[in-house]
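**Q** Here you go, one structure.
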Amino acid sequence: MSQPNVSVWGLKAAAVVGMVFGLMTIVSGGNALFGDAAARAAVGKAVPFVLWFNFAAGFVYVVAGAGLLFRRRWALWLSVAILVATILVFIAFAIHAQQGGLYETRTVGAMILRISVWAMIAYLARHSLRG
């Protein structure tokens, strides 16, 4: 398999991962924010600004994934923006936690997962859309 084919298929895989991740984020965030009492209670001590950011970001994930699927250069920059914004929210979350704010431990893992996924997507997009 030649290098260009690897780039095309890697980018398509990244695009699908981004879109599926976005849809899952919208559903889970929507349930946490707008679901019944049991769904809202299941989030425990979720930090509201993190919950709202992640929910809103889910829609942007879908747009970025669709852009990557169609090899749009703007989707590279949107992927980088998602990564940077997620890192900034994670820093704000860390400050919140350091100052004694309530939070769910699983949020740490979820934010690290989001950062890792978008770092990989941005990397693949840069590698595939450069030029």
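**Q** Quick one: if the Förster radius is 30 Å, what FRET efficiency do Ile91 and Arg40 give, using the C-beta to C-beta distance and rounding to 0.05?
**A** Details: r = 26 Å, r/R0 = 0.88.
Once rounded, the FRET efficiency stands at 0.70.
**Q** Of all the accessible heavy-atom surface of the chain, with the other protein chains kept in place and a 1.4 Å probe, what percent is carbon and sulfur? Don't jump to the answer; show the numbers that get you there.
**A** Numbers: 5300 of 7390 Å².
Of all accessible area on the chain, carbon and sulfur atoms account for 72 percent.
**Q** If you don't mind, another one. With +1 on the Cβ of every Lys and Arg and -1 on the Cβ of every Asp and Glu, and nothing else charged, how large is the dipole of the chain about its Cα centre, in debye rounded to the nearest 20?
**A** Numbers: 10 positive and 2 negative charges, 87 e Å.
For this selection, approximately 420 debye.
**Q** So what is the calculated 222 nm ellipticity per residue for the chain, using -39500 (n - 2.57) for each DSSP H run with n of 4 or more, over all residues, to the nearest 500 deg cm²/dmol? Write out the running numbers ahead of the final one.
**A** Values: 5 runs with 110 residues, N = 131.
After summing the helix terms and dividing by the residues of the chain, the value is -29500 deg cm²/dmol.
**Q** Considering the dipole of the chain built from charges on the beta carbon (Lys and Arg +1, Asp and Glu -1) around the Cα centre, which of Ile115, Val47, Thr105 is farthest to its positive end?
**A** With unit charges placed on the Cβ atoms, the residue in question is Ile115.
**Q** What is the distance, in nm, between label points placed 7 Å from the Cα along the Cα-to-Cβ direction at Ser116 and at Val16?
**A** 2.1
**Q** Computed from the coordinates I sent, mean projected area of the Cα convex hull in nm² equals one of (i) 9.3; (ii) 8.2; (iii) 7.5. Tell me the label.
**A** (ii)
**Q** Scan the chain and hand back the longest stretch that contains none of the trypsin sites (Lys or Arg not before Pro) lying in DSSP loops with at most 10 other Cβ atoms within 10 Å.
**A** Working: sites that count: Lys45, Arg130.
My reading of the result: 46-129 is the longest stretch.
**Q** Figure the gain on full extension for Leu102 and Met24 (residue separation times 0.36 nm, minus the Cα-Cα span) and round it to one decimal in nm.
**A** 25.6 nm
**Q** Express the relative contact order of segment 9-100 as a whole percentage, based on alpha carbon pairs under 8 Å and six or more residues apart in sequence.
**A** Details: 81 pairs, mean separation 32.5, N = 92.
Value for segment 9-100: 35 percent.
**Q** Hey, another quick one. Positive end of the charge dipole of the chain (Lys, Arg +1 and Asp, Glu -1 on Cβ, about the Cα centre): tell me which of Ala81, Ser7, Ala92 has its Cα farthest that way.
**A** Ser7
The values are calculated or read from the model by the stated rules, or taken from the named source; none is laboratory data. Small disclaimer: the values here were computed from a predicted structure and weren't measured. Reconstructed Cβ throughout: ideal geometry from the backbone, glycine too, with neighbour counts over all protein chains shown. The accessibility values were calculated without ligands, DNA or RNA, using every heavy atom of the protein model including side chains. Shrake-Rupley method; radii C 1.70, N 1.55, O 1.52, S 1.80 Å.
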